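Peer 1: Handing you a structure now.
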Amino acid sequence: MGVQGSCHCGKVRIEVPERPEWVADCNCSLCRLLAWRVAYYPPDEVRISGETTAYVWGDRMIGIHHCPTCGCGTHWQTLGQDFGKMGINARLLDDFDESAIEVRKFDNAD
Ligand SMILES: [Zn+2]
């Protein structure tokens, strides 16, 4: 049994194998606006159901997905190139408590 999560309206559901030990708080121009807390998993260990819409930012080669109904950011995934990981917005995971785990500041401001 993994850890479940969903967006606000419940149309997008996420399942990951275990709770993250830490999450990333990134200050790049996009994450700063979205306020995601990102947990990383190998793509084949993550199950996502429901339709999402992807925003592809410049040439960064990643699609940033959100629920088209409620707008919650759900995950990001690489396009083409395989990083061996994908990012889940840990805020969506059931009982996510950022005060209970390590939040690593990522400095990608430029
Ligand atoms: Zn939703």
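The values are calculated or read from the model by the stated rules, or taken from the named source; none is laboratory data. Just so it is clear, the structure is predicted and the values come from calculations on it, not from any experiment. Methodologically, a virtual Cβ is constructed for each residue, glycine included, from the backbone with ideal geometry; neighbour enumeration extends over all protein chains shown. These area figures cover heavy atoms from the full protein model, side chains too; ligands, DNA and RNA do not enter into them. Shrake-Rupley method; radii C 1.70, N 1.55, O 1.52, S 1.80 Å.
Peer 1: For the structure I just gave you, tell me whether residue 26 is within 20 Å of residue 98 (Cβ to Cβ), within 11 Å of the ligand (Cβ to nearest atom) and not hydroxyl-bearing (Ser, Thr, Tyr).
Peer 2: Numbers: within 20 Å of residue 98 (Cβ to Cβ): yes; within 11 Å of the ligand (Cβ to nearest atom): no; not hydroxyl-bearing (Ser, Thr, Tyr): yes.
Criteria not met by residue 26.
Peer 1: May I pose another question? Identify, by number, the condition in (1) open to solvent by less than 70 Å² (accessible area, probe 1.4 Å); (2) away from the ligand (no atom under 16 Å from the Cβ); (3) under 13 Å from residue 39 (Cα atoms) that residue 105 doesn't meet.
Peer 2: Just one mismatch for residue 105, condition (1).
Peer 1: Still on this structure: Can you find even one residue in the stretch 38-58 that is within 16 Å of the ligand (Cβ to nearest atom), at pLDDT 95 or above and out of contact with any strand residue (DSSP E or B) (no Cβ under 8 Å at 6 or more places or on another chain)?
Peer 2: yes
Peer 1: Within the stretch 1-21, take every residue that is in a loop (DSSP other than H, G, I, E, B) and away from the ligand (no atom under 11 Å from the Cβ) and give me the one that is farthest from residue 103 (Cα to Cα). Walk me through how you get there before you give the answer.
Peer 2: Filtering the stretch 1-21 for residues in a loop (DSSP other than H, G, I, E, B) gives 1-2, 7-12, 17-21.
Next, from what is left, pick out any that are away from the ligand (no atom under 11 Å from the Cβ): 1-2, 17-21.
Values: 1: 25, 2: 21, 17: 19, 18: 17, 19: 13, 20: 10, 21: 9 Å.
If we take residues in the stretch 1-21 being in a loop (DSSP other than H, G, I, E, B) and away from the ligand (no atom under 11 Å from the Cβ), then 1 is farthest from residue 103 (Cα to Cα).
Peer 1: Going through the stretch 21-76 one residue at a time, which ones are crowded, with 20+ Cβ neighbours inside 10 Å and in contact with a Leu (Cβ under 6 Å, 6 or more places away or on another chain)?
Peer 2: Within the stretch 21-76, just 73 meets the criteria.
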